[in-house]
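Okay, structure first, notes after.
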Amino acid sequence: MSLTDAVSTKVDPTMPLRLRLDAATQAAFGPAHAGVDPMIHRSQHADFQADLAMALARGMKRNPREVATAIAERLTADDVIAKAEVSGPGFINLTLQTSFLNQELGRMLNDDRLGVPVASPPETVVLDYSAPNVAKEMHVGHLRSTVIGDAIARLLEFQGQKVIRQNHIGDWGTPFGMLIEHLIDQQSEGENASVTELGSFYKAARAKFDADEAFAERARQRVVRLQSGDAETLSWWRRLMEISVAYFSHIYERLDVTLRPEHVAGESSYNAALLAVVQELQDKGLAQLSEGAMCVFLEGFQGRDDAPVPLIIRKSDGGYSYATTDLAALKHRVQSLGATRVIVVVGATQAQHLAMVFATARAAGWVDDAVRLEHVGFGSVLGPDKKMFKTRAGESITLLSLIDEAAARAQKVVEAKAPDFSPEDQARIAKAVGIGAIKYVDLSNDRVKDYVFDWNRMLAFEGNTAPYIMYAHARIRSILRKAAGEGVAPPSAQALRVETPEERALALSLLQFSSIIEKTADTLQPHRICVYLHEVATGFSGFYEKCPVMKSEGTVRDARVALCELTARLLCHGLSLLGIGSPEPM
């Protein structure tokens, strides 16, 4: 049974707490307060803390501690709650019954999905990410969209959503005139027109365009022929597409990203729809001429001088803009692909542009309120000098060179840490660590912020890093292999028993998995999963230090082995949702 085929009952200890807090609140203050958010979170002073009394007190103009006391008095001990106490100015500390913890841990261990239910009904999510340009090398600037978008795709698919990937590549426009002419020149001169070195190919075409007016004129005429559908020109254009898509696919394979050639939906896909998009917006009174250009003006979008900001859908020279293509793409995604949620993963600098595109689509009636339109924005990758991450020559770092360097650096780290491993195992582990480190350092940062790319930190085996979590998983698997070799009974839900404070802390962390998945899928903030996995790995370290596994005996050993099994499975699956492997041994 696959992880997405299985149907689970959600494991979330806060759910029964919410029900009990709601009943207690109504008993204390009447049904008018039903459904109040109990604001439950983990606490250092108990298993959980509820802060609802603070908010209730403000509305009722009463002392928060009195309100909290009235609720806590009605939270009698039962099969879930062992104790409810008021602390501070009005917090309610909640301690769970150990038997309830054991029961919930057992449900997770018995479930292939670790207590995460399958979405019912599923959403149709159209996810736009990566979006490189044809005939240009992918550089470090493409890293965030590619890695963040792929983690979101994996996460939503695990939830059971129908995810339609859209790689909205730049495959149209005026640069193709010079690129096609340069390709033709290469072939006529007897050169291998493979464009395998995309960076140098593009630069050579650009230099020729700037220096040779005759070439520039040929390039401009070639654009006209391309846009008019000339068969020969389209054949050259398709050649550039094939070479570029093959290159992109190589990068995605190296990065272990799930984008495939069939997910390409470039700008050219919408050419035939652009005229109709403009015409419909005109017919609906949403578009008007302004200084020769056809524009949409929307309320709430003003510039620095409070002048309305135009969304240009047809330029003064008659050409269409990125906005026109984005509108056509959005209309297609909702009306043809049936999207109930559209997610566009692109830099934060595009926030206003996308907000205007979304607002225009809604105003045109192409998208109703039931469809979510979301921009997943992100900051930049910075170098050690806290400026844009570039080579010493000031050029953008290619994604391929970044991957190669990650593999080389990881190889040295693995060789030093595991000198007894075979060269083949070292290479396998180094590949996983290198790619995992690149992805994790990006995903572990709040995506809206810039971050500094630091090789030493990202490859470290301590701290909130991929190697630390990967090693924690490998260490647990080593314990489990030893347990199996010594004849310990296979891990079972019936064996789970939480007794020590360290076992309890780890258990409470594990039981948050379902809620973390739900929150991350809602907010589209993958760093939540990273923070959580680091917490679990750290919790396991504390457990392992204080609670011997193989040196214990009988039911205690069986319980700890089962806890190890559940932790290992969760770390492995959590990393897989980020697109990161879990090699073992390591």
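The values are calculated or read from the model by the stated rules, or taken from the named source; none is laboratory data. Everything numeric in this text was worked out from a predicted model, so none of it was measured. No Cβ is skipped: glycine too gets one built from the backbone with ideal geometry, and neighbour counts run over all protein chains shown. SASA here: full protein model, heavy atoms, side chains in, ligands and nucleic acids out. Shrake-Rupley method; radii C 1.70, N 1.55, O 1.52, S 1.80 Å.
Residues are listed down the side, and each one gets a yes or a no for (1) on the phi > 0 side of the Ramachandran plot; (2) of a type in the set (A, V, I, L, M, F, W, C); (3) in contact with a helix residue (DSSP H, G or I) (Cβ under 9 Å, 6 or more places away or on another chain):
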{"residue": "TRP366", "(1), (2), (3)": "no, yes, yes"}
{"residue": "GLY379", "(1), (2), (3)": "no, no, yes"}
{"residue": "ASP385", "(1), (2), (3)": "no, no, no"}
{"residue": "PHE389", "(1), (2), (3)": "no, yes, yes"}
{"residue": "GLU395", "(1), (2), (3)": "no, no, yes"}
{"residue": "LEU399", "(1), (2), (3)": "no, yes, yes"}
{"residue": "GLU405", "(1), (2), (3)": "no, no, yes"}
{"residue": "VAL413", "(1), (2), (3)": "no, yes, yes"}
{"residue": "ASP420", "(1), (2), (3)": "no, no, no"}
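Go through the residues of the stretch 514-535 one by one and say whether even a single one is of a type in the set (Asp, Glu), over 22 Å from the mean Cα position of the chain (by Cα) and within 23 Å of LYS439 (Cα to Cα). I'd like the intermediate steps shown before the answer.
Looking only at the stretch 514-535, we keep the residues that are of a type in the set (Asp, Glu), and these are 518, 522, 535.
Going one step further and asking which of them are over 22 Å from the mean Cα position of the chain (by Cα), we end up with none.
Looking for residues that are of a type in the set (Asp, Glu), over 22 Å from the mean Cα position of the chain (by Cα) and within 23 Å of LYS439 (Cα to Cα), one finds none in the stretch 514-535, hence no.
Answer yes or no as to whether ASP47 is among the acidic types (Asp, Glu), more than 16 Å from ALA28 (Cβ to Cβ) and open to solvent by less than 50 Å² (accessible area, probe 1.4 Å). Can you show your working first?
Values: among the acidic types (Asp, Glu): yes; more than 16 Å from ALA28 (Cβ to Cβ): yes; open to solvent by less than 50 Å² (accessible area, probe 1.4 Å): yes.
So ASP47 passes the test.
Among the candidates LYS208, LYS162, which residue alone is basic (Lys, Arg), surrounded by fewer than 20 Cβ atoms within 10 Å (Cβ to Cβ) and closer than 30 Å to THR340 by Cβ?
Numbers: LYS208 fails: closer than 30 Å to THR340 by Cβ.
It is LYS162.
Please tell me if ASP368 is part of a loop (DSSP other than H, G, I, E, B), farther than 30 Å from GLU584 by Cα and free of Cβ contacts under 8 Å to residues at least 12 places away in the same chain. Can you show your working first?
Values: part of a loop (DSSP other than H, G, I, E, B): yes; farther than 30 Å from GLU584 by Cα: yes; free of Cβ contacts under 8 Å to residues at least 12 places away in the same chain: yes.
The answer is yes for ASP368.
Inside the stretch 562-579, can you point out the residues that are among the hydrophobic types (A, V, I, L, M, F, W, C), more than 21 Å from SER99 (Cα to Cα) and open to solvent by less than 10 Å² (accessible area, probe 1.4 Å)? First the steps, then the outcome.
Within the stretch 562-579, the first condition is being among the hydrophobic types (A, V, I, L, M, F, W, C), and the residues that meet it are 562-564, 566, 568, 570-572, 575, 577-578.
Within this subset, residues satisfying the condition of being more than 21 Å from SER99 (Cα to Cα) are 568, 570-572, 575, 577-578.
The answer is ALA568, LEU570, LEU571, LEU575, LEU577, LEU578.
Please go through (1) of a type in the set (A, V, I, L, M); (2) buried (at least 17 other Cβ atoms within 10 Å of the Cβ); (3) within 16 Å of ALA28 (Cβ to Cβ) for ALA82 and return the number of the only condition it doesn't satisfy.
Here ALA82 clears every test but (3).
Could you grab me the full set of residues in the stretch 538-561 that are surrounded by 23 or more Cβ atoms within 10 Å (Cβ to Cβ) and either hydrophobic (A, V, I, L, M, F, W, C) or without any contact (Cβ under 8 Å) to a residue 40 or more places away in the chain (or both)? Break it down into steps so the answer makes sense when it comes.
Our first condition is that a residue be surrounded by 23 or more Cβ atoms within 10 Å (Cβ to Cβ); within the stretch 538-561, this holds for 540, 543, 559-561.
Once the filter is applied, which keeps residues that are surrounded by 23 or more Cβ atoms within 10 Å (Cβ to Cβ) and either hydrophobic (A, V, I, L, M, F, W, C) or without any contact (Cβ under 8 Å) to a residue 40 or more places away in the chain (or both), the stretch 538-561 yields PHE540, PHE543, ALA559, VAL561.
If you check ASP256 against the conditions, is it among the acidic types (Asp, Glu), in contact with a helix residue (DSSP H, G or I) (Cβ under 9 Å, 6 or more places away or on another chain) and within 19 Å of LEU143 (Cα to Cα)? Lay out the reasoning, then the answer.
Details: among the acidic types (Asp, Glu): yes; in contact with a helix residue (DSSP H, G or I) (Cβ under 9 Å, 6 or more places away or on another chain): yes; within 19 Å of LEU143 (Cα to Cα): yes.
Spelling it out, ASP256 is indeed among the acidic types (Asp, Glu), in contact with a helix residue (DSSP H, G or I) (Cβ under 9 Å, 6 or more places away or on another chain) and within 19 Å of LEU143 (Cα to Cα).
Tell me, which residue of the stretch 1-44 that is at pLDDT 95 or above and touching a Pro at 6+ places or on another chain (Cβ under 6 Å) is farthest from PHE158 (Cα to Cα)?
LEU21
Looking only at residues that are among the polar types (S, T, N, Q) and in a strand (DSSP E or B) in the stretch 279-324, which one is least open to solvent (accessible area, probe 1.4 Å)? Before the answer, list the steps.
Taking the stretch 279-324 first, the residues among the polar types (S, T, N, Q) are 279, 282, 288, 290, 302, 316, 321, 324.
From what's left, in a strand (DSSP E or B): 288, 290, 302.
Details: GLN288: 102, SER290: 40, GLN302: 89 Å².
Filtering first and then ranking leaves SER290.
Within the stretch 245-255, is even one residue of a type in the set (A, V, I, L, M, F, W, C), surrounded by fewer than 20 Cβ atoms within 10 Å (Cβ to Cβ) and more than 27 Å from LEU578 (Cβ to Cβ)?
no
Need at least 1 residues that are of a type in the set (Ser, Thr, Tyr) and within 28 Å of PHE158 (Cβ to Cβ) per element, so show me which helices (runs of 4 or more DSSP H) inside the stretch 453-551 make the cut, counting only ones lying wholly within it.
On the way: elements: 455-458, 466-485, 501-510, 513-523, 527-546.
It comes to 466-485, 501-510, 513-523, 527-546.
Being open to solvent by 70 Å² or more (accessible area, probe 1.4 Å), hydrophobic (A, V, I, L, M, F, W, C), under 30 Å from ARG238 (Cα atoms) and out of contact with any Ser or Thr (no Cβ under 7 Å at 6 or more places or on another chain) narrows it down to one of ALA276, ALA328, ALA265, ALA272, so name that one.
Working: ALA276 fails: open to solvent by 70 Å² or more (accessible area, probe 1.4 Å); ALA328 fails: open to solvent by 70 Å² or more (accessible area, probe 1.4 Å); ALA265 fails: open to solvent by 70 Å² or more (accessible area, probe 1.4 Å).
Step by step, each of ALA276, ALA328, ALA265, ALA272 is checked, and only ALA272 is open to solvent by 70 Å² or more (accessible area, probe 1.4 Å), hydrophobic (A, V, I, L, M, F, W, C), under 30 Å from ARG238 (Cα atoms) and out of contact with any Ser or Thr (no Cβ under 7 Å at 6 or more places or on another chain).
Could you list, in sequence order, all residues of the stretch 12-26 that are open to solvent by 20 Å² or more (accessible area, probe 1.4 Å), within 18 Å of PHE91 (Cα to Cα) and without any contact (Cβ under 8 Å) to a residue 60 or more places away in the chain?
Listed by number, the residues that qualify are ARG18, LEU19, ASP22, ALA23, GLN26.
From the list LEU183, LEU127, which one is open to solvent by less than 10 Å² (accessible area, probe 1.4 Å), without any contact (Cβ under 8 Å) to a residue 60 or more places away in the chain, farther than 30 Å from LEU17 by Cβ and hydrophobic (A, V, I, L, M, F, W, C)?
Numbers: LEU127 fails: without any contact (Cβ under 8 Å) to a residue 60 or more places away in the chain.
So the residue among LEU183, LEU127 that is open to solvent by less than 10 Å² (accessible area, probe 1.4 Å), without any contact (Cβ under 8 Å) to a residue 60 or more places away in the chain, farther than 30 Å from LEU17 by Cβ and hydrophobic (A, V, I, L, M, F, W, C) is LEU183.
Is it the case that PHE378 is crowded, with 16+ Cβ neighbours inside 10 Å, modelled with pLDDT under 95 and either hydroxyl-bearing (Ser, Thr, Tyr) or closer than 29 Å to GLU253 by Cβ (or both)? Explain how you work it out, then say what you get.
Numbers: crowded, with 16+ Cβ neighbours inside 10 Å: yes; modelled with pLDDT under 95: no; either hydroxyl-bearing (Ser, Thr, Tyr) or closer than 29 Å to GLU253 by Cβ (or both): yes.
Taking the combined requirement at face value, the residue does not satisfy it.
Within 23 Å of THR146 (Cα to Cα), assigned to a loop (DSSP other than H, G, I, E, B) and among the small types (Gly, Ala, Ser): is that true of GLY379 in this structure?
Details: within 23 Å of THR146 (Cα to Cα): yes; assigned to a loop (DSSP other than H, G, I, E, B): yes; among the small types (Gly, Ala, Ser): yes.
Spelling it out, GLY379 is indeed within 23 Å of THR146 (Cα to Cα), assigned to a loop (DSSP other than H, G, I, E, B) and among the small types (Gly, Ala, Ser).
If we keep just the residues of the stretch 383-425 that are in a helix (DSSP H, G or I), touching a residue at least 40 places away in the same chain (Cβ under 8 Å) and basic (Lys, Arg), which is nearest to PRO585 (Cα to Cα)?
Once the filter is applied, the top-ranked residue is LYS417.
Restricting the stretch 56-79 to residues that are among the hydrophobic types (A, V, I, L, M, F, W, C) and crowded, with 16+ Cβ neighbours inside 10 Å, which is farthest from the chain's Cα centre (by Cα)? Steps first, answer last, please.
Of the stretch 56-79, the ones among the hydrophobic types (A, V, I, L, M, F, W, C) are 56-57, 60, 67-68, 70-72, 75, 77.
Next cut, crowded, with 16+ Cβ neighbours inside 10 Å only: 56-57, 67-68, 70-72, 75.
Working: LEU56: 36, ALA57: 38, VAL67: 40, ALA68: 38, ALA70: 42, ILE71: 39, ALA72: 39, LEU75: 39 Å.
Ranking the qualifying residues of the stretch 56-79, first place goes to ALA70.
Where the second residue is among the acidic types (Asp, Glu) and in a helix (DSSP H, G or I) and the first is under 13 Å from THR538 (Cβ atoms) and open to solvent by less than 10 Å² (accessible area, probe 1.4 Å) and lies in the stretch 501-515, which pairs have Cβ atoms under 6 Å and are six or more apart or on separate chains?
Partner pairs satisfying both residue conditions: SER509/GLU535.
In the stretch 41-98, which strands (runs of 3 or more DSSP E) lie fully inside it and hold 3 or more residues that are hydrophobic (A, V, I, L, M, F, W, C) and in contact (Cβ under 8 Å) with a residue 12 or more places away in the chain? Write out each step before concluding.
On the way: elements: 48-50, 81-87, 91-96.
Correct list: 81-87, 91-96.
Can you name every residue in the stretch 410-465 that is buried (at least 18 other Cβ atoms within 10 Å of the Cβ) and β-branched (Val, Ile, Thr)?
VAL413, VAL414, ILE429, VAL433, ILE435, ILE438, VAL441, THR465
Please determine, by comparing only the residues of the stretch 119-129 that are out of contact with any Asp or Glu (no Cβ under 8 Å at 6 or more places or on another chain) and assigned to a loop (DSSP other than H, G, I, E, B), which one is nearest to ILE180 (Cα to Cα). Let's see the steps before the verdict.
Step one: list which residues in the stretch 119-129 are out of contact with any Asp or Glu (no Cβ under 8 Å at 6 or more places or on another chain), which gives 119-128.
Checking which are assigned to a loop (DSSP other than H, G, I, E, B) leaves us with 119-123.
Working: ALA119: 47, SER120: 49, PRO121: 47, PRO122: 44, GLU123: 41 Å.
For the stretch 119-129, the residue satisfying everything is GLU123.
Right, SER336: modelled with pLDDT under 95 and either out of contact with any Gly (no Cβ under 7 Å at 6 or more places or on another chain) or over 20 Å from GLY149 (Cα atoms) (or both) or not?
Values: modelled with pLDDT under 95: no; either out of contact with any Gly (no Cβ under 7 Å at 6 or more places or on another chain) or over 20 Å from GLY149 (Cα atoms) (or both): yes.
For SER336, the condition - modelled with pLDDT under 95 and either out of contact with any Gly (no Cβ under 7 Å at 6 or more places or on another chain) or over 20 Å from GLY149 (Cα atoms) (or both) - is not met.
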